[in-house]
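To keep things clear, I will list the structure first and then write my remarks on it.
Nothing in this text is a laboratory measurement; each read-out follows from the coordinates by a stated rule. All values reported here derive from a predicted model rather than from experimental measurement. Neighbour counts are summed over all protein chains in view; Cβ atoms, including those assigned to glycine, are modelled from backbone coordinates with ideal geometry.
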Amino acid sequence: MKYLGVDFGVKKIGLASGDDETGLAFPMGNIDGGVKAISTILNRARDEGAEALVIGLPIPDAHHTETQLKLTKQFVRDVQAATPMPIFVVDEQFTSAEARRLQQEYDSDMPEDAWAAKIILQAFLDGDVELTVDTAKRRTE
């Protein structure tokens with residue numbers, strides 16, 4: 001199965017593609033956030049042959065806020081309402097820092113958000129446990 005990975009942001013959204021066959025995810029670039037974002041994502045998914053979406057959820061901790069989680073949950077619900085395509089969500093903790101590291105390591109012009117989407121999708125492909133939008137909550141560890 002082919003997937004489109006999504007790193008949601010209000011202003012910009014990172015995208016990545018990957019599949020079960022290779023088990024690899026690749027950054028694809030950014031799109032603008034806003035009112036056209038969902039239709040743009042669904043069009044990109046169609047163009048890439050993606051059969052499901054994998055969206056990162058910012059579980060509140062030292063790096064993410066409850067507001068970010070609330071906005072992302074609403075985004076996921078809006079995407080769910082716009083498509084019958086399966087949608088998976090995974091914890092995106094530390095993706096920004098890892099994305100910056102990969103960007104530097106590969107001396108890449110690819111936007112940080114696209115690298116973050118790649119990390120989110122790769123975690124899913126690697127079998128890391130996915131969440132549901134309703135089970136995402138503040139860590140109490």
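Quick notes on this structure:
- A simple rule links phi to the HN-Hα coupling: the Karplus curve 6.51 cos²θ - 1.76 cosθ + 1.60 with θ = phi - 60°, which for segment 111-116 gives x, 4, 5, 5, 5, 5 Hz, with x for Gly and Pro.
- Applied to segment 40-48, the Karplus parametrisation 6.51 cos²θ - 1.76 cosθ + 1.60 on θ = phi - 60° returns per-residue 3J(HN,Hα) values of 5, 4, 5, 5, 5, 4, 4, 4, 7 Hz, with x for Gly and Pro.
- Each DSSP beta bridge with both residues in segment 2-125 is either parallel or antiparallel, and the antiparallel ones are about 60%.
- For GLU51 and PHE26, a Förster radius of 22 Å and the Cβ-Cβ distance give a FRET efficiency of 0.85, rounded to the nearest 0.05.
- Percent of Cα-Cα distances greater than 17 Å, calculated over segment 2-125: 51 percent
- The trypsin sites (Lys or Arg not before Pro) of segment 1-101 meeting both criteria, a DSSP state outside H, G, I, E and B (loop) and at most 10 other C-beta atoms within 10 angstrom of the site's C-beta, are LYS11.
- Count Lys and Arg as plus one, Asp and Glu as minus one, and take only other residues whose Cβ is under 13 Å from that of LYS2; the net charge is then -4.
- Label-point separation in nm, ILE38 to VAL10, each point 7 Å along Cα→Cβ: 1.8 nm
- Derived scalar couplings between HN and Hα for segment 31-37 equal 10, 6, x, x, 5, 8, 4 Hz in order, rounded to whole Hz, by the Karplus curve 6.51 cos²θ - 1.76 cosθ + 1.60 (θ = phi - 60°), x for Gly and Pro.
- Around GLN103: net Lys/Arg minus Asp/Glu count, Cβ-Cβ under 11 Å: -3
- Amide hydrogen proximity for VAL89: with H placed 1.01 Å from N in the peptide plane, the residues at 5 or more positions away or on another chain lying under 5 Å are ILE55, LEU131.
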